[in-house]
Structures are given as C-alpha cells and as structure tokens.
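In what follows, a structure is listed as structure tokens, so that the remarks can point back to it.
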Amino acid sequence: MLFKWLKQYMPRGLYGRAALILVFPIVLLQLVVSFAFIQRHFEGVTEQMTHATVREVKLVLQEAAAKGTAVTELEEALQTLQMKAHFLDVAEGIDTRRWYDFSGIIITRIFKEKIAGVQFVQLAENKLVKLMINTEDGPVLLEFDRARVSAKNSHQLLVNMVFFGGLLTIVAYLYLRNQLRPIKRLAIAAEAFGRGLHVPYSPGGAIEVRAAGSAFLDMRSRIERQIEQRTMMLSGVSHDLRTPLTRLKLGLSLLAEEDRVPLERDVEDMQKMLDAFLSFARGSHEGEPETVNPRELVERIVDDFARSGADVVMHKVDGDGTVSWRAMAMRRAVENLIGNAVRYGERAEVSVRITEKSIRIRVEDSGPGIPREDREEALKPFVRLEPGRNQNKGPGVGLGLSIAADVARVHGGMLRLGRSERLGGLCSDMVFAH
Ligand SMILES: Nc1ncnc2c1ncn2[C@@H]1O[C@H](COP(=O)(O)OP(=O)(O)OP(=O)(O)O)[C@@H](O)[C@H]1O
Ligand SMILES: [Mg+2]
C-alpha cells in the first residue's frame, strides 16, 4: 500500500532515480548530523559565554550598589568590562529578539535565571545587548557587545556545507550522466527496432550494460535474418506460382464455357491471394519516406473505392498539414482497412483528424464488428475469424489487418480496433504522433 502510494511520487527517469538513491541518503545524513552537532555545540558555547557575562554584570551591580563608592571607580570597572550603564528613573520595555536568533533564547533565559530583578533583555539590535535590571536604587540599563554572549558566524558552517554539497552533487551528476548514457542509447536503439527502424548501435559503458547491448545486437540480427528469410520465401513462392497460374489460365481458355467460368474464378482468387502474399512480403518498408498530405492521400483512396462502386464516403476532415510517410505502404494500409469495411460491412465512412500533436485516420463500417476478445487475434497475420462469417466474402488470407498494423507501427503509430458508435460496426483507428 505505502509502496504503491510512494511510487507515484517517485521520479520515473533513470536520472531522477539514480540521483535519489545517491543524493538523498547523503543529504539526509549530513543534515541530521550537522544540525545535531551545530545545535549542541553552539548552545554549549552560548551558555558558557552568558554565564561569564552574568558574573561581570553582577560585579557591576555590586560596585554600583556599594554605598560610598566613588563614581570614578564604577567608571573604571565599566571601562574594563566594556559596558555602559545608565541609571534611569523608570524602566520601560519588553524582551526583544529576531525570530531566527535561536541563541538569543538561551541568553534571555540565563540572564533572567541568574540575575535578580531583570526586567527585559533586548537583542533586536543585532550587535548590542540591552539589559534592564531593577535594583534597590532604581532601574539600571546595561549595554554591551553581543559578541560577549554568543559566538559569531554560527552560519558559516552551514554555508560551507551547502556550497560543497552542491559542488559534489554537480560532480556526481556529471559522472552519473556518463554512466547512464549507454543505457539510454540502448533504449533508443531497442525502441527504434521495435518500430522497424535500424539505428546504428555499438555496445558501450559498464560490463552489464555492454552485455545487454551485445545481447540486443545478437537478437536484432537474428530477427532481421528471420524477417529476410520469411520475405524471400514468401515472395519466392508467390513469384514462382505465377508462371504456372498464367499457364493454367491459358489452358482454361480452351475449355467449354460452362466448365471454364467457375475454374477461372478459382484461378482469379488464387491470383489475388498471391498478390496479398507478395504485398505482405514486401513489408511495411516499401518506398522511401516522402512528404504526404494525409487528407489528400485518404481522399484519393476513398475516391478510387467509390468509383469502383463501393459505398465509401468521407465523413469528416479536421485540420490540415503534411507529414513524412512512406506513401505506398500507407496507401496499402488504408486500402486494407476500407477493403475490410466494405467486405464485412457494406457501408464505410472515413474520417481524418489532424491536430498539433497527432494524426488519426478512422474507418467505420456498418457490419458486425469484431468482439473485444477477438481483436488482438484478428491483428495477427494469416488469421481469419470464424470461418462461417467469412463465407461468400471472397478470398482472403488474413493479412489485411496485420499489414495495416505493421505499417502504422513503422510510422511511429498504432492501429486500434474498436466499436463504431455511429454505424455499429468496426471502428479502425490508425493513430500517429507528430
Ligand atoms: N470491418 C470488419 N468487420 C468485421 N470483421 C472484420 C472487419 N475487418 C476484419 N474483420 C475480421 O478480421 C479478420 C482478419 O482481417 P484481415 O483483414 O486481416 O484478413 P481478411 O480480410 O480475412 O483477409 P485479407 O485482408 O488478407 O484479404 C477477418 O477475417 C474478419 O473476420
Ligand atoms: Mg482484409
């Protein structure tokens, strides 16, 4: 419980955490030790000095009270003790002290305890102590230097501590930054690889980080090799199958009408599937990034669909702007989403929203949608849901959504499936951060 609660206030970045682990205990220890020390030390010193002054004050009072003492003698005593005495008619005033003057509390207490008849102790004037004492002969105001009752510069130590503390923190920070940099580089390389980008990376830093870096490199090259093999295999198979297919088509054209038509449809379907394999094999990296206006791109695709007779319309367009996208790949992704919407839901509505921070391409349809628990599955390659539902929906290999998701990921975004509030079917969102 407590841990969870604490966790939300903890820094999230590596720097913050490392700083907390390093700096917090040290600062805490220093503060506790130094405050305990400073307090005890300065309290002790102040007490001793005040006691000494109390004795001097008592001496002055005795001198003043002694009947018949010549005035000059008192003057001499005062001069030696470096005090001033004023004999007054009335004693008016109260204790004063600055709020941060903690040794002042001790001074006031001791004077009042040890000397009878102290009316007030004024410490507010920084360098002067005023002591009013009611004696038998009337009130006496004594003035003397503050330095006689408490140590000077009690803050020097604190200032020093804070200064060197700050200096050490900066040194520690610089050192830490060097240690953390390789971890950050590894994180960046791993994150980029997750999005399908290959950024140059060489392991560095402490042994553990270096080991993790090498492991990442091994893993990356193995995955890249596998992707390459998969692509080669898929495109090889699809490509090689095209030739016999074309030959089949030729052969079929020699058959009689009633035998030919259904067979030709089969061949057509096979051709479409092969095309799907090929486009999957080409992957989401097809083409070079170029400046694209998302609104125009989507509108053109919608136009193409509409022209071929599908019930597809633009619903809403918000904002405008351009981005750097691989246009071919993105086009295929959007086509797949709209293709699905038309195939499974008859009517499709497309909207584009461009804001400062993000771009969203949304395709909604009026079909049955995909239940929440099946959505993750539907995104996997070669997965088609409920064979019954796909009856008469034409050939499909289950690659459409996975290609769209891949393309979105490569462009730094994601594909989200949901339920359309307006049309009741599937709502596919491709969302990209700027
Ligand atoms: N708009 C939709 N409405 C309802 N179900 C859908 C929709 N889009 C996809 N699906 C379901 O998700 C499954 C996977 O879709 P995906 O696009 O990946 O493959 P496919 O459409 O079957 O084949 P392909 O797109 O490769 O021709 C589909 O088989 C279908 O059951
Ligand atoms: Mg599809």
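The values are calculated or read from the model by the stated rules, or taken from the named source; none is laboratory data. Since this is a predicted model, take the numbers as computed values, not measurements. Here the Cβ is made from the backbone with ideal geometry for all residues, glycine too, and neighbour counts use every protein chain on show. Surface accessibility is based on the protein's heavy atoms, side chains included, excluding ligands, DNA and RNA. Shrake-Rupley method; radii C 1.70, N 1.55, O 1.52, S 1.80 Å.
Quick check: the angle from helix 327-345's long axis to the longest principal axis of the chain, C-alpha only, nearest 10 degrees? Long axis of 327-345 versus the principal axis of the chain: about 70 degrees. Separation of the stretch 228-298 and the stretch 41-65, taken as the distance between their Cα centroids, equals 105 angstrom. Here the accessible area is traced with a 1.4 Å probe on the protein chains. For the stretch 285-433, carbon and sulfur cover 46 percent of it. Calculated accessible area for the stretch 238-383 comes out at 57 Å² per residue, all protein chains present (probe 1.4 Å; ligands, DNA, RNA ignored). Placing unit charges on the Cβ atoms only, positive for Lys and Arg and negative for Asp and Glu, gives the chain a dipole magnitude near 940 debye about its Cα centre. Kirkwood hydrodynamic radius of the stretch 285-433, from the reciprocal of the average inverse Cα-Cα distance over all distinct pairs: 15.3 Å. If you build a Gaussian network model of the chain, linking Cα atoms that sit under 10 Å apart, which residue out of Ser150, Ser202, Ser402 swings the most? Maximum fluctuation in the GNM of the chain, among the listed residues, is at Ser150. I'd like the GluC sites (Glu not before Pro) in the stretch 314-414 restricted to DSSP loop residues with at most 15 other Cβ atoms within 10 Å, sorted by number. Here the sparse-neighbourhood loop sites are Glu346, Glu356.
Calculated accessible area for the stretch 14-148 comes out at 64 Å² per residue, all protein chains present (probe 1.4 Å; ligands, DNA, RNA ignored). If you keep only loop residues by DSSP, which trypsin sites (Lys or Arg not before Pro) in the stretch 325-391 have at most 13 other Cβ atoms within 10 Å of their Cβ? Of the trypsin sites (Lys or Arg not before Pro), the ones in loops of the stretch 325-391 whose Cβ has at most 13 other Cβ atoms within 10 Å are Lys357.
A Gaussian network model of the chain, with springs between Cα atoms under 10 Å, assigns the largest mean-square fluctuation among Met273, Met414, Met83 to Met83. The C-alpha atoms of the chain define a longest principal axis, and helix 156-194 lies at about 10 degrees to it. Evaluated at q = 0.08 Å⁻¹, a Debye calculation over the C-alpha positions of the chain (equal weights, vacuum) places log10 I(q)/I(0) at -0.70. Could you work out how far helix 207-252 tilts from the main Cα principal axis of the chain, as a 0 to 90 degree angle to the nearest 10? With both axes taken from Cα atoms, the answer is about 20 degrees.
Positive contributions from Lys and Arg (+1) and negative ones from Asp and Glu (-1), summed over other residues with Cβ under 11 Å from the Cβ of Thr322, come out at -2. Take the solvent-accessible surface of the protein heavy atoms, probe 1.4 Å, and return the percent of it on the stretch 14-148 that carbon and sulfur atoms account for. Ligands and nucleic acids excluded, carbon and sulfur reach 60 percent. Share of carbon and sulfur in the accessible area of the stretch 156-195 stands at 72%, probe radius 1.4 Å.
Normalised by the number of residues in the chain, the average gap of Cα pairs under 8 Å and 6 or more apart makes the relative contact order 10 percent.
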